[in-house]
Amino acid sequence: MKSSWPLLITVLRKEKGFDSLSLPEWDLLLRQARRCQLVGHLFYRLEALDLLATTPVGPLRHLQSAKVQTSKQLRDFLWEVGKLVQAFSNTGCALLLLKGGAYAIAELAPHKGRLFSDIDLLVPFEVINDIERSLLIHGWLPETTADYDQQYYRHWMHEIPPLQHVKRGSVVDLHHNILPRTAKACPDPTLLLEAAVELQGEHQGIKVLSPLDRIIHSATHLFYEGEFDKGLRDLVDLDGLIAELGAEARLQLVDRAQQIGLQRPVYYALRYLSLILNTKGLEDAMHKMQVLGFVPNYIKLMDGLFLRALMPDHLSCDDGFTALARWLLYVRSHWLKMPLHLLIPHLTRKLWMRVTGQEQH
Amino acid sequence: MDFHITLDTPNILRRLIHQQVQFYLDNQIVFNPFPLRHATAMLEWGMNWCVSTQIHTFLIIHAAVVEKNGFAAVLPAPPGSGKSTLCASLVQEGWRLLSDELTLINLTTAEAVPVPRPIGLKNQSIDIIRQRYPQAVFGVLSSDTLKGSVCHLKPPMQSIQKQIIECPIGWIVFPKYEADAATELLPKSKGQAFMEVANNAFNYSVLGVDGFEILKKVVDRADCYSFKYSNLDEAIAVFNQLEAPREV
């Protein structure tokens, strides 16, 4: 266990109250929060605690700016959703939003103050070409036209290459699964599609994953990901999503994770929520996972990696092993997503394209 | 503190080939490096970038803003229209500098919020100001930057001393320098002025309804003009004769 957490973590754990922060502490808090896109989240925490009026003017300016920016994104997003509904209207396929988009449209706990850029959609594999064509007609064009990239995505990945709107610039990621087809743990997406729930009211007809599947997806995304610059933000999302589950549902989460075959990321989510954010009431679910036969292999090693990588990507939060931990997790994510006999030719090809100037990054 | 910025030379290998400078925001690189001799220009652009992209508690307009007798004149204009030259001259003639680049508007009061910093002058305007005002203090010259040569003029001490005093906006003047043009100040319709200021704003659309409401308030209160000039003496005279707007 860590003996001392970064300031942002102690605030998120509610061990340090906002009203006890000195100005230099506010400064550090906001710098750490900015790195993992949590300034907007802090604004809404302060608002919920009714502390905005007593927040010093300097920090308040940054908190309010983050709020303004996330509100602007939400407005833009809702506009894009209207356009997507049109694009989907005669395809016979429901518009199913994932992650940030789902949180925003269904007004789930994590959406307040959350920034997101791409709009992630999930559709059945069989209709992906039809949907792509319909999106094309409505102005969303592929960002990359390089043959290799197109082929690579279509053959191995869980999504087609990102589509960008030619006028408004919005980016849509069209998925047919939540992990690449090459990943050992690649789940059966029909399970997710069948359990998806339809929204009522203003956004009737739009779908999001079921409450349990949302958590499984968020956890999978976080713990299969190779980059952790927004890792803490994703953990905060999970905290908000799990808070909406009662004790019984938390146990059902374990069954569902087993059914889909994604126990590991869910276990990590539960573990690091309790360790890092001090989220309560997860012990029973973790215990149940082990009773059902899940073995958390190398957990001390994983603690050593994740407890570093999930800290804000800010100099004040790094120790001597942080860079190594991030690098190892980056390698791990590739390893999990793609077997070596595919990964090595792919990386060689990408390197060659970069060296010969066919690709610029 | 608002932003932690650092200018530093990048790694040693690069230094051997080409003397460069890098702008860091809180230890993170945000731009491509510049040649070392452009360090001051990079510092100014980097600081403006921090404010104009990350602060949304003001409406931020790409405009110079100066004050006299309690009212501010906002000078929105694209680069090359002589905005900074005019602003530097007015400041030397007794106007208070609020900013030569970023007009910050308070979202509650619709007043201009000062951020006085050295005035960035480009190309010929550097010599023009040097010759007109020999007592003016300049920083180092960054020649051949992306925007040509850049040099910074020290703002008057009084503008710095008054930097916490916000100021109602009396006039919005769209300046346009044209060689040999006769000095001409023409009223501009409020609608047109509104649209042009919105186009010159960094965060008008970010602010949504609040942006619209505050800009409406500003434009309603201010007298709006388009202004063509080539002679600085005449231009200064025109500004000194601007009448205080009637309160709306």
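The figures follow:
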| read-out | value |
| --- | --- |
| Of residues in region A:318-355 being among the aromatic types (Phe, Trp, Tyr) and assigned to a helix (DSSP H, G or I), the one farthest from A:GLU225 (Cα to Cα) | A:TRP352 |
| Search result, residues across region B:187-220 that are open to solvent by 80 Å² or more (accessible area, probe 1.4 Å), touching a strand residue (DSSP E or B) at 6+ places or on another chain (Cβ under 7 Å) and more than 25 Å from A:ALA66 (Cβ to Cβ) | B:PRO187, B:LYS190 |
| Helices (runs of 4 or more DSSP H) contained in region A:214-293 and holding at least 3 residues closer than 25 Å to A:LYS337 by Cβ and of a type in the set (A, V, I, L, M) | A:231-243, A:247-260, A:263-276 |
| Residue in region B:22-39 that is touching a residue at least 40 places away in the same chain (Cβ under 8 Å) and in contact with a Gly (Cβ under 7 Å, 6 or more places away or on another chain) present | no |
| Residue within region A:83-97 that is within 14 Å of another protein chain (Cβ to nearest Cβ), out of contact with any Asp or Glu (no Cβ under 8 Å at 6 or more places or on another chain) and of a type outside the set (Val, Ile, Thr) present | no |
| Residue within region B:167-185 that is open to solvent by 30 Å² or more (accessible area, probe 1.4 Å), under 18 Å from the mean Cα position of the chain (by Cα) and within 14 Å of chain A (Cβ to nearest Cβ) present | no |
| Flag for B:ALA110 being within 17 Å of the chain's Cα centre (by Cα), away from chain A (no Cβ under 14 Å) and of a type in the set (Gly, Ala, Ser) | no |
| Cross-chain or 6+ apart pairs with Cβ under 7 Å, region B:42-67 first and of a type in the set (S, T, N, Q), then open to solvent by 30 Å² or more (accessible area, probe 1.4 Å) | B:ASN48/B:GLU101; B:SER52/B:PHE202; B:THR57/A:ARG61; B:THR57/A:GLN64; B:THR57/B:LEU107 |
| Qualifying residues in region A:178-213 (those that are β-branched (Val, Ile, Thr) and in a loop (DSSP other than H, G, I, E, B)) - the one surrounded by the most Cβ atoms within 10 Å (Cβ to Cβ) | A:ILE178 |
| Strands (runs of 3 or more DSSP E) lying entirely in region B:69-168 (those with 2 or more residues that are among the aliphatic types (A, V, I, L, M) and farther than 18 Å from B:THR40 by Cα) | B:71-76, B:96-99, B:102-106 |
| Failed criterion for B:ARG15 (all others in (1) modelled with pLDDT under 90; (2) open to solvent by 30 Å² or more (accessible area, probe 1.4 Å); (3) outside any helix (DSSP H, G or I); (4) away from chain A (no Cβ under 14 Å) hold) | (3) |
| Subset of region A:108-123 [over 17 Å from A:VAL39 (Cβ atoms) and either open to solvent by less than 10 Å² (accessible area, probe 1.4 Å) or modelled with pLDDT of 95 or more (or both)] | A:LEU108, A:ILE119, A:ASP120, A:LEU121, A:LEU122, A:VAL123 |
| Identity of the residue in region A:46-75, away from chain B (no Cβ under 14 Å) and touching a residue at least 24 places away in the same chain (Cβ under 8 Å), that ends up surrounded by the fewest Cβ atoms within 10 Å (Cβ to Cβ) | A:THR54 |
| Test for B:LEU90: is it within 14 Å of chain A (Cβ to nearest Cβ), out of contact with any Ser or Thr (no Cβ under 8 Å at 6 or more places or on another chain) and farther than 21 Å from A:ARG34 by Cα | no |
| Residue satisfying condition, being among the small types (Gly, Ala, Ser), touching a residue at least 60 places away in the same chain (Cβ under 8 Å) and assigned by TED's automatic domain parsing to the domain that holds B:ASN106, within set B:GLY170, B:GLY191, B:GLY208 | B:GLY170 |
| Residue within region A:321-332 that is farther than 30 Å from A:GLU143 by Cα and touching a residue at least 40 places away in the same chain (Cβ under 8 Å) present | no |
| Options A:LEU28, A:LEU78, A:LEU23; residue that is in contact (Cβ under 8 Å) with a residue 60 or more places away in the chain, within 13 Å of chain B (Cβ to nearest Cβ) and surrounded by fewer than 22 Cβ atoms within 10 Å (Cβ to Cβ) | A:LEU28 |
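A quick yes/no check of all residues on (1) more than 30 Å from B:TYR204 (Cβ to Cβ); (2) of a type in the set (A, V, I, L, M, F, W, C):
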| position | (1), (2) |
| --- | --- |
| A:SER4 | yes, no |
| A:PRO24 | yes, no |
| A:VAL39 | no, yes |
| A:TYR44 | no, no |
| A:ASP50 | yes, no |
| A:SER65 | no, no |
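Each row is one residue, and each column tells you yes or no for (1) open to solvent by less than 50 Å² (accessible area, probe 1.4 Å); (2) assigned to a helix (DSSP H, G or I); (3) in contact with a Pro (Cβ under 7 Å, 6 or more places away or on another chain).
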site: A:THR10; (1), (2), (3): yes, yes, no
site: A:GLU15; (1), (2), (3): no, no, no
site: A:ASP19; (1), (2), (3): no, yes, no
site: A:GLN32; (1), (2), (3): yes, yes, yes
site: A:LEU42; (1), (2), (3): yes, yes, no
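The values are calculated or read from the model by the stated rules, or taken from the named source; none is laboratory data. All values derive from a computational prediction rather than experimental measurement. Please note: Cβ atoms are built from the backbone with ideal geometry, for glycine as well, and neighbour counts cover all protein chains shown. What goes into the accessible areas is simple: the full protein's heavy atoms, side chains included, and nothing from ligands, DNA or RNA. Shrake-Rupley method; radii C 1.70, N 1.55, O 1.52, S 1.80 Å.
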